[in-house]
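The values are calculated or read from the model by the stated rules, or taken from the named source; none is laboratory data. Please read these numbers as outputs of a predicted model, since none were measured by experiment. Using ideal geometry, Cβ is built from the backbone for each residue, glycine included, and neighbour counts are taken over all protein chains shown. For accessibility, only protein heavy atoms count, side chains too; no ligands or nucleic acids. Shrake-Rupley method; radii C 1.70, N 1.55, O 1.52, S 1.80 Å.
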Protein chains: 2
Amino acid sequence: MIKQDMKNKMVIARQKVEKAIEKDNGTTLMSTGMTGDDARLAKAAVAGGAKILEANHPAVTLARGLEGVSTMGDAEYVRHELPLKSMLECVRGVRAVVGPDIYLTVGFPGSFTEREPIPLTSEDFRQLALAGADGVHCHKSSLADLKDVVILAHENGLLVDSYIGKKSDLHQFGIGAEDITEVKKVALAMQEIGADFIGMMTGMSYEGVAAGEIPQEIKDRLQALIETVSVPTFAEGGINEVNVKAFKNTGVNVVTVGTAMDDYAEGAIKSAVAKFINHQ
Amino acid sequence: MIKQDMKNKMVIARQKVEKAIEKDNGTTLMSTGMTGDDARLAKAAVAGGAKILEANHPAVTLARGLEGVSTMGDAEYVRHELPLKSMLECVRGVRAVVGPDIYLTVGFPGSFTEREPIPLTSEDFRQLALAGADGVHCHKSSLADLKDVVILAHENGLLVDSYIGKKSDLHQFGIGAEDITEVKKVALAMQEIGADFIGMMTGMSYEGVAAGEIPQEIKDRLQALIETVSVPTFAEGGINEVNVKAFKNTGVNVVTVGTAMDDYAEGAIKSAVAKFINHQ
């Protein structure tokens, strides 16, 4: 049974996302990577206009240099070792700096499809809610797992953003749906389970696609998702400054950008350091 | 008594700094701010050519959004509350990602002039050394305090970079020396105590100074320091892309850049977010 306090918290959280979508004319940004876990860069993202932030454990694994890993690919093998308290610390810090009006969702060991099983308890979700999270960023890859996450999240007043992928994807970040028919079927099932936001993993091959464009398959899959569900829709993967307009044209409500954000900050630092050293 | 193992560790650490200075033709960079504590950005700084990194507790206070502070000025009031283990975690992560050849110095609660007294123990220094630090970034503001830090650092194989400031500075980041005579006297005393690197706080007013130039007073103070000591010299404060050449021309061995680094990363994020949101 979900208590009234928790229901109220979820109503407020849902309004944050709805207002952000409205304010940004139908498509808003979910800023992640460094901007989700480092309070300095979260503040910068919000100053730039971000209203939705996502902290996640692979990014924090890289921030903390856990076991020396320095790529997202390598982080997949160790991210489940990150203690939940590292994520709580990030959430608390980002929330303290960006204030109450920003929607903050959190990926943490066990909310993704992990290399090693991580048991989730209601207390974990309670701690995240108390730290300041509005939602759980869920990359589970089965409906049964998603259901477990939704129940624990809602018990503690947290919303859930969850994703559709393909079983053939190298990394499993969503519930598999190979074709359009399956996308519609899976999306409906996710909505029925109670997923508050449903996203499409869009980090497929962009080979042979013109600059500023996105592959037809991604357009079709996004279209199928958007037509099928009544909850706000997300796109995640492969979104950059050049193709974001094409993503917006699909009508998706939220574009998630992480790697591109990190690339901007890292590129700025790398070139600044080179200038300071080589300035003769 | 300093054990041979500790002496060896210090010899290797000193060589890292000397080689960096030599490689960069007399003046190298110490990169700090985000690049000292976040393994993702430390990696980017090293990719740009940085060979010396500095992690410090005010920066980590901002990264973790401790008590919601988001400016260096506000961080001064809470930075002493940061647990040493947060600094150990940063040092361990940065070291794991950048490898053994980078010189890594660390500011931590008690190594600066703090608002609340922080007792330092040899065990604190030992933990920092074990985490991967080469040195201690010391902003104590008395010779007696510097001596305590040097003894504890050397006992544990850590070098010390320490600074000269002015008693009239708003924030006390160095041992006070009002004029050139005092700069020479204080610098010699610091060297005698065993400070391995001696720096000048150069974050004074740049008002009325032409772009690319630095005030005559800073030049004179740096000159006095450089002439007086035989250890490598540092400059910290007010150094940016435009005036770095003027700093190099003074002959100082290491320019420390933190705020400018953070500004590059934050600026890149802020403008990227704005582009993603406003791209029509």
Given the residues A:A45, A:A63, A:A39, which is the only one that is under 16 Å from the mean Cα position of the chain (by Cα), open to solvent by less than 10 Å² (accessible area, probe 1.4 Å) and either within 27 Å of B:A45 (Cα to Cα) or within 14 Å of another protein chain (Cβ to nearest Cβ) (or both)?
A:A45
Filter result (farther than 14 Å from B:I180 by Cβ and surrounded by fewer than 17 Cβ atoms within 10 Å (Cβ to Cβ)) within segment B:216-234:
B:S230
Subset of segment A:177-196 [touching a Lys or Arg at 6+ places or on another chain (Cβ under 9 Å), open to solvent by less than 10 Å² (accessible area, probe 1.4 Å) and not in a loop (DSSP other than H, G, I, E, B)]:
A:V183
Only one of (1) closer than 19 Å to A:T256 by Cα; (2) modelled with pLDDT of 95 or more does not apply to A:M87, and that is (1)
Among the residues of segment B:238-259, how many are more than 7 Å from every other protein chain (Cβ to nearest Cβ) and either open to solvent by 20 Å² or more (accessible area, probe 1.4 Å) or free of Cβ contacts under 8 Å to residues at least 60 places away in the same chain (or both)?
12
Applying the selection to segment B:110-146, what residues are among the polar types (S, T, N, Q), more than 13 Å from the chain's Cα centre (by Cα) and either under 16 Å from B:S86 (Cβ atoms) or surrounded by fewer than 18 Cβ atoms within 10 Å (Cβ to Cβ) (or both)?
B:T121, B:S122, B:Q127, B:S142
Note on segment A:147-176: residues of a type in the set (K, R) and surrounded by fewer than 16 Cβ atoms within 10 Å (Cβ to Cβ) are A:K167
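Filtering segment A:1-36 down to residues that are of a type outside the set (A, V, I, L, M, F, W, C) and part of a loop (DSSP other than H, G, I, E, B), which residue is nearest to the other protein chains (Cβ to nearest Cβ)?
Among them, the one singled out is A:D24.
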Top-ranked residue in segment B:66-83 [being within 11 Å of another protein chain (Cβ to nearest Cβ) and more than 17 Å from A:R92 (Cβ to Cβ); ranked as most open to solvent (accessible area, probe 1.4 Å)]:
B:M72
